[in-house]
Amino acid sequence: MSKLKFKIVTPERVAYEDEVDGVIIPTTEGQITVLPGHIPLASLLTAGELIVKKNNSEVALDVSGGFIEVAPGNQLTILA
């Protein structure tokens, strides 16, 4: 099964980087789930809980806003 190349980038550094199974993201249009093979997408990130799924476990992260980009090649980047 393929994975997402996921990273969270802040102005200071790359805060998180890993290959994951999926990510649930709070956006201005509502909560979305990004899985491998997702279509390219750019959206605004809203404050809330971001859930990272990997190997049948979940990690919750608090985010305060920013942008998301889903790029070809199973790449998901969050600019926070």
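When the chain is treated as a GNM with alpha-carbon contacts under 10 Å, the residue of 14, 70, 34 showing the greatest mean-square fluctuation is 14.
Using 0.36 nm times the number of residues separating residue 67 and residue 5, minus their current alpha carbon distance, what extension gain do you get? Before the final figure, lay out the partial values.
Working: separation 62, 0.36 × 62 = 22.32 nm, distance 1.63 nm.
Separation in residues times 0.36 nm, less the Cα-Cα distance, equals 20.7 nm.
In the full protein context, the chain carries 60 Å² of accessible surface per residue, based on a 1.4 Å probe and ignoring ligands, DNA and RNA.
Counting only residues at least eight positions apart within a chain, or on another chain, the aspartates and glutamates with an alpha carbon under 17 Å from that of residue 5 are 17, 18, 19, 21, 58, 69.
For the chain, taking Cα atoms only, Rg and Dmax work out to 11.4, 33 Å respectively. A dipole drawn for the chain from +1 and -1 charges on Cβ atoms has a positive end, and of 22, 64, 80 the residue lying farthest that way is 22.
At a 1.4 Å probe radius, carbon and sulfur cover how many percent of the accessible area of the chain?
Values: 2560 of 4820 Å².
The C+S portion of the solvent-accessible surface of the chain is 53 percent.
Per-residue surface analysis assigns residue 44 an accessible area of about 80 Å², computed on protein heavy atoms at 1.4 Å probe radius. Listed values for segment 59-76 are Karplus-derived 3J(HN,Hα) couplings in whole Hz (6.51 cos²θ - 1.76 cosθ + 1.60, θ = phi - 60°), namely 10, 9, 10, 8, 10, 10, x, x, 9, 10, 9, 9, 10, x, x, 6, 10, 10, and x replaces Gly and Pro.
Taken along the Cα-to-beta-carbon direction at a fixed 7 Å, the label points for residue 53 and residue 27 span 1.7 nm.
Modelled spin labels at residue 35 and residue 79, positioned 7 Å past Cα toward Cβ, are 2.9 nm from each other.
The values are calculated or read from the model by the stated rules, or taken from the named source; none is laboratory data. Because the structure is a prediction, the values reported are computed rather than measured. All Cβ positions, even for glycine, are placed from backbone atoms using ideal geometry, and neighbour counts span all protein chains on display. Remember, those area values only see protein heavy atoms, side chains included, never the ligands or the DNA or RNA. Shrake-Rupley method; radii C 1.70, N 1.55, O 1.52, S 1.80 Å.
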